[in-house]
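Engineer: Would you mind keeping the following structure in view while I ask a few things?
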Amino acid sequence: MAESTFGRRAVNDGKLVHRLREGERVAIDTLERIQAYMVASMPGGMQPPSEAIHKAVRGPGALQRYEDWSLSQAKKHLQKLG
């Protein structure tokens with residue numbers, strides 16, 4: 001699947017993946033929509049965060065660490081799609 005297709009299907013944004021590769025951030029609602037798309041489109045869904053991730057997302061900077069983890073999952077999903 002092309003990167004632009006993934007972005008359009010996930011959040012109606014064909015430039016999403018390009019912007020993520022450039023290091024831009026996304027809003028929480030966009031991140032949730034990406035995750036929902038990935039869960040719906042992957043056999044078996046997306047793996048839940050490990051206990052280490054749960055520990056890492058508590059405390060100061062937790063939201064940014066969670067977003068970073070979620071974006072890494074999105075990038076892995078894109079790599080699997082080819």
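The values are calculated or read from the model by the stated rules, or taken from the named source; none is laboratory data. Keep in mind that what you see is a predicted model, and the values were worked out from it rather than measured. Cβ placement follows ideal geometry from the backbone for every residue including glycine, while neighbour counts extend to all protein chains displayed.
Engineer: Under 6 Å by Cβ, and 6 or more places apart or on different chains, what pairs join a residue from the range 1-22 that is in contact (Cβ under 8 Å) with a residue 12 or more places away in the chain and farther than 11 Å from ALA74 by Cα with one that is buried (at least 16 other Cβ atoms within 10 Å of the Cβ) and of a type in the set (D, E, K, R)?
Structural biologist: Filtered contacts from the range 1-22: VAL11/ARG33.
Engineer: Please go through the range 1-23 and pick out each residue that is touching a helix residue (DSSP H, G or I) at 6+ places or on another chain (Cβ under 9 Å), at pLDDT below 85 and surrounded by fewer than 16 Cβ atoms within 10 Å (Cβ to Cβ).
Structural biologist: Residues satisfying the conditions are MET1, ARG21.
Engineer: A further question follows. Looking only at the range 33-40, decide whether some residue is of a type in the set (S, T, N, Q) and either farther than 13 Å from SER72 by Cα or in a loop (DSSP other than H, G, I, E, B) (or both).
Structural biologist: So the first thing to find is which residues in the range 33-40 are of a type in the set (S, T, N, Q), and the list is 35.
After this cut, where a residue has to be either farther than 13 Å from SER72 by Cα or in a loop (DSSP other than H, G, I, E, B) (or both) as well, the list is none.
For the range 33-40, residues of a type in the set (S, T, N, Q) and either farther than 13 Å from SER72 by Cα or in a loop (DSSP other than H, G, I, E, B) (or both): absent.
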